[in-house]
Structures are given as C-alpha cells and as structure tokens.
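What follows is a single structure, written as structure tokens, with notes after it.
The values are calculated or read from the model by the stated rules, or taken from the named source; none is laboratory data. These figures come from a predicted structure and were not determined experimentally. Virtual Cβ from ideal backbone geometry, glycine too; neighbours counted across all protein chains shown. Only protein heavy atoms, including side chains, enter the accessible area calculation; ligands, DNA and RNA are left aside. Shrake-Rupley method; radii C 1.70, N 1.55, O 1.52, S 1.80 Å.
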Amino acid sequence: MTTSPPDLSSLRISRDAEHSSGGGRRGLVVTVIVGLALIAVATATFVLVSSNRAIGVKSGTVSATGGGSASSEGITANGYVVARTHASVSAKILGRLATLSVHEGSHVRSGEVIATIEGADYQAQLAVARSAEAQFDVQVKQAERDLARAQELRRQNLTSDADLENAQTKLDVLRSQLVSARAQTALAAATLENTRVRAPFDGTVLRKDAEIGEIVAPSSAGGGLTRTAIVTMADLGTLDVEVDVNEAYIAQITNGQNARITLDAYPDTSFAGRVRQVVPTADRQKATVQVKVSILDHDPRILPEMGAKVLFVRDAGHTAAAAPRRVMVPAAAVVQDASGARVWVIDNGRVTAHKVDLGPTRDDVVEVRDGLSGGESVVLSPPAGLKDGARVRVSGS
C-alpha cells in the first residue's frame, strides 16, 4: 500500500493577518495617547479657570479717625447745626387728630393750641362728673340742715343720741362723696384738656409728622399705623453747631473761646460763634470729643441740620500743636500668626497682603500705626489659603 506524503503548505503563516494585528495595537496606542492629552488639556483648563475664579469675600474700610485739623489760624472741625431746644410734640392721650392749625415754618408761642384730638366722649364724661358733683353738693347741704335740726331737738330732749349720731355720720359720708366727685370732675376736665395739644415753648414748626384723621398716641403701643408725634419744632434762637474734635487738640479748646462758623450752604459767609460746652466724654471709636459752639449771629438762613465748619480762633502767640493721624481698621480684617500681623487689601478686584504695626483696640476696630494710610478696602474674616494676587468678589460688608 502506498502512502501519500503530508501537505505542509497549510502550515504557512499568513502575513496579512500579522499586518492586521499590528495595526490594531498601534491604533490602541494612539487612542490612549490622545485620551491622555485631552485629560491633560482639561486639567490645565480647570486649573486655569480655578485660578481666575473670584473668591467671594466681605469687605470693610480703613478709616482715618480724629476730627479737625490744626493750622496757623486755629483748629478746624466739621459738624452740623442743631437746636438746643428741640422737641417732637405728641398727644398725651390716644385718639384721632381732629384739627391741626400749624404748618412747616409756623411760629408758635408757649401754651398755644396747635392741634386737637377728637374729644366728644371726654366732654360727656366731664358733664357726667359735674352732674354727680352737683348732686352730692345738694345732699351735703340738706344733711347739714338735718344735723342742725337734730342738734336742736337733742337740746330739748326730743330725740336720742343715736339720732344725732346718725345725722352727723350721714353728713360726714356725703362730704367725703362730694370730695370724690370733685376729684372725678377734675380728672375729666384734665382728660378733656389733654385733647388739646399745646406748644411746649416758643419756637418754629420744622415738620408735620401727622395729618388730620390719623390716629395719634403718646407712644408706639397703638401699632404701626399710629403716629407718635404730631409736629417737630425747635427754638431757632438756640442754634448751636456740634463738631467732633480730635482728642489730641481738645486741650487747646476752652469754654467761651471765640470761633468762626462757615456753613456749607453759604461758603462765602462766616458767622461769629463761641464755645458753649466741651462735652466731658470722648468717643472711643472715633477718638474725638464733641464740642458745642453757640451761633452769635442770628440769621434766618441758618437752619437746623445744615453742615458747618468751625474755626476755633487761637489766641495771639499760641503755637499750633500737631495731632497724630489715627488709622483704624476693623478687627475682623487683621490676621496674626508667627510672622506678625497683616491685612488683605483689595485693589482692582485682587488682594495684597500688607504687614501692619498694631496699636490699641477700640471696641471692634484696631489702631494701625504703620502699614495703612486710611481709605483702603480690606477683606473681613479672610478665608484660609488666600494668596497675593488672588481675585476676589465683594459679596457684602
């Protein structure tokens, strides 16, 4: 038997399959590289966007405190015109405003009726009280006559001691009731008088605070729609200028010292003044002392609440003393660590750390002796990780 040799041609390797497999591996490598590149680009973009994203912060302002300044002429300070005699006139009782006889600018005299409250019920109460008083008055007179007769009959032994005592007791009771009735009449009359709102002093009406028909009361207990004042008035003959003076200058100002007053409304005109009082207390937050200056030149153009500048005239030969400039920063803006104290200052939407030399703390502000000049905007309660040049967005103060 003849056996045929094996066919070895089936054992050959296909070169086409090899090329196909190699191309698949190269494509996978390219895909991985492209994916990694895209991830790197996305990461870089995220980092860039994150670095440029503004951080929301709260801000405060650095203030340079200490009112007034010194010059060769004297010390100057700014303030406002106020009236020493000033009042918001209200009703003594709750009621509806019936009449109002004044307006802004009206001149009134002390005791003049400027408004009335509806008082028909109070008038009726007064009439009832007067009627009761009249009844008791008549009964007392009759009881006095009865007592006189009882005394005469007792002298004639025609009545007993008990009858005399009863007559005396009846008279005493009626007299007591008459006193009570007179008190009720006085109370009703006073209540009716309280419906008339009178001017407490001579002055000028500055503002009407209520209109006819509105409910007025001596306090706000009546509710949100209840007026507590009818008019606001002041005696314009008692005008002062109140100014805040740097406490470093206050030793140079004395009661009775002459001053010149210039109003913001009339900068070309000055008025004579005199220091009336240096208030015996200082404002610890502003490092100032309030000074009240009387206006000697009475002029109808001078009105309450006007802005004014006061020059305290210095005596001849008195040398000017320089006062230190006090810069105050909110305490919440100060960051302290081992490297010292610093404050983050906001400028054009970015922050910069400023090292500062701190002084004493006054309430919620700290004095800065060096590092700030005043007027800067600073970050309050700076977030952790804040860096120089970081963008910020002020979200509140």
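Points worth noting:
- Positions within segment 214-231 being hydrophobic (A, V, I, L, M, F, W, C), at pLDDT below 90 and either at positive phi or in a strand (DSSP E or B) (or both), in sequence order: none
- Test: residue in segment 157-170 that is surrounded by fewer than 16 Cβ atoms within 10 Å (Cβ to Cβ), of a type in the set (Ser, Thr, Tyr) and within 30 Å of residue 189 (Cα to Cα): no
- Taking (1) out of contact with any Leu (no Cβ under 8 Å at 6 or more places or on another chain); (2) free of Cβ contacts under 8 Å to residues at least 40 places away in the same chain in turn, residue 144 satisfies each apart from (1).
Here's the yes/no breakdown for (1) over 30 Å from residue 270 (Cα atoms); (2) modelled with pLDDT under 60; (3) among the acidic types (Asp, Glu):
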position: 13; (1), (2), (3): yes, yes, no
position: 16; (1), (2), (3): yes, yes, yes
position: 28; (1), (2), (3): yes, no, no
position: 37; (1), (2), (3): yes, no, no
position: 42; (1), (2), (3): yes, no, no
position: 50; (1), (2), (3): yes, yes, no
position: 63; (1), (2), (3): no, no, no
position: 67; (1), (2), (3): no, yes, no
position: 96; (1), (2), (3): yes, no, no
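- Matching residues, segment 301-330, being modelled with pLDDT of 85 or more and open to solvent by 40 Å² or more (accessible area, probe 1.4 Å): 301, 303, 305, 309, 313
- Flag if residue 130 is among the basic types (Lys, Arg) and open to solvent by less than 80 Å² (accessible area, probe 1.4 Å): no
- Residue 272 assigned to a helix (DSSP H, G or I) and at pLDDT below 95: no
- Of all residues in segment 145-155, those satisfying the criterion of being farther than 13 Å from residue 173 by Cβ and open to solvent by less than 100 Å² (accessible area, probe 1.4 Å) are 148, 150, 151, 152, 153, 154.
- Residues within segment 341-397 that are part of a loop (DSSP other than H, G, I, E, B) and not small (Gly, Ala, Ser), tallied: 11
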